[in-house]
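No lab work stands behind these numbers, since they all come straight from the coordinates. Quantities reported herein were computed from a predicted structural model and do not represent experimental measurements. Cβ coordinates were reconstructed from backbone atoms using ideal geometry, including for glycine residues, and neighbour counts include every protein chain displayed.
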Amino acid sequence: MVIIDEPTALIRMGISIVLGMAIGLEREKHHHPAGIRTFMLICMGATLATLASIYICQTNTELLNGDPGRIAAQVLTGVGFIGAGLIIKNEDRVSGLTSAAAIFLTASIGVSIGVGMIVTGCVVTLVTILILTSSSISKKKQ
């Protein structure tokens with residue numbers, strides 16, 4: 001079991017920044033409402049909340065009901081509200097769904113980095129960028 005200390009937390013935060021930036025770059029490149037800063041902040045926030053949750057449980061052993069998953073669950077709930085703010089309905093057209101989904105997934109990636117699933121977070125980030133890029137390419141063909 002890896003103990004969450006300052007160096008471990010800072011390394012994970014750095015990875016989180018890079019992964020959030022990678023997804024945000026793709027969104028910004030295609031002129032979507034949420035870009036680099038938004039995705040970096042969401043990924044960082046989710047990672048930090050997850051790290052803090054684990055740290056609280058590992059340093060306060062007298063907590064009887066210490067569950068590091070509680071904060072992560074609330075992060076994802078909160079991010080859902082941010083994503084909902086991006087969804088816009090104009091007559092028969094709905095926009096912002098992909099950006100909202102990408103924000104939710106970016107927060108999930110941040111949680112995965114926070115718990116130490118570094119390789120998984122990196123692979124999911126790459127797959128996310130591929131999916132977002134392929135959807136942008138298919139829109140251009142239409």
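With both labels modelled 7 Å from their Cα along Cα-to-Cβ, the residue 82 to residue 41 distance reads 0.8 nm. The GNM of the chain, with springs linking C-alpha atoms under 10 angstrom apart, assigns the highest mean-square fluctuation among 75, 111, 18 to 18. Is segment 7-109 best put as rounded, prolate or oblate by its Cα gyration tensor, with a ≥ b ≥ c the root eigenvalues, rounded for a/c under 1.5, and otherwise prolate when a/b is larger than b/c, oblate when not? It comes out oblate by the Cα gyration axes.
Axis of helix 97-114 versus longest Cα principal axis of the chain: the two differ by about 20°, to the nearest ten degrees. Once the Cα atoms are used to define both axes, helix 36-59 deviates from the longest principal axis of the chain by about 20 degrees. When +1 charges are put on Lys and Arg Cβ atoms and -1 charges on Asp and Glu Cβ atoms, the dipole computed for the chain relative to its Cα centre reaches about 660 debye. Considering only alpha-carbon pairs that sit under 8 angstrom and 6 or more positions apart, the relative contact order computed for the chain is 28 percent. May I ask for the angle, rounded to the nearest 10°, between helix 69-86 and the longest principal axis of the chain, with both axes built from Cα atoms and the value confined to 0 to 90°? Helix 69-86 sits at roughly 20 degrees to that axis. Spin-label model, residue 31/residue 2: points 7 Å from Cα along the beta carbon direction are separated by 4.1 nm.
A simple packing score, the average count of other Cβ atoms within 10 Å per residue, orders the peptides 88-97, 32-41 as 32-41, 88-97, with the highest score first.
Could you compute the FRET efficiency for residue 67 and residue 11, with r as their C-beta to C-beta distance and R0 at 25 Å, rounded to 0.05? Using R0 = 25 Å, I get an efficiency of 0.55.
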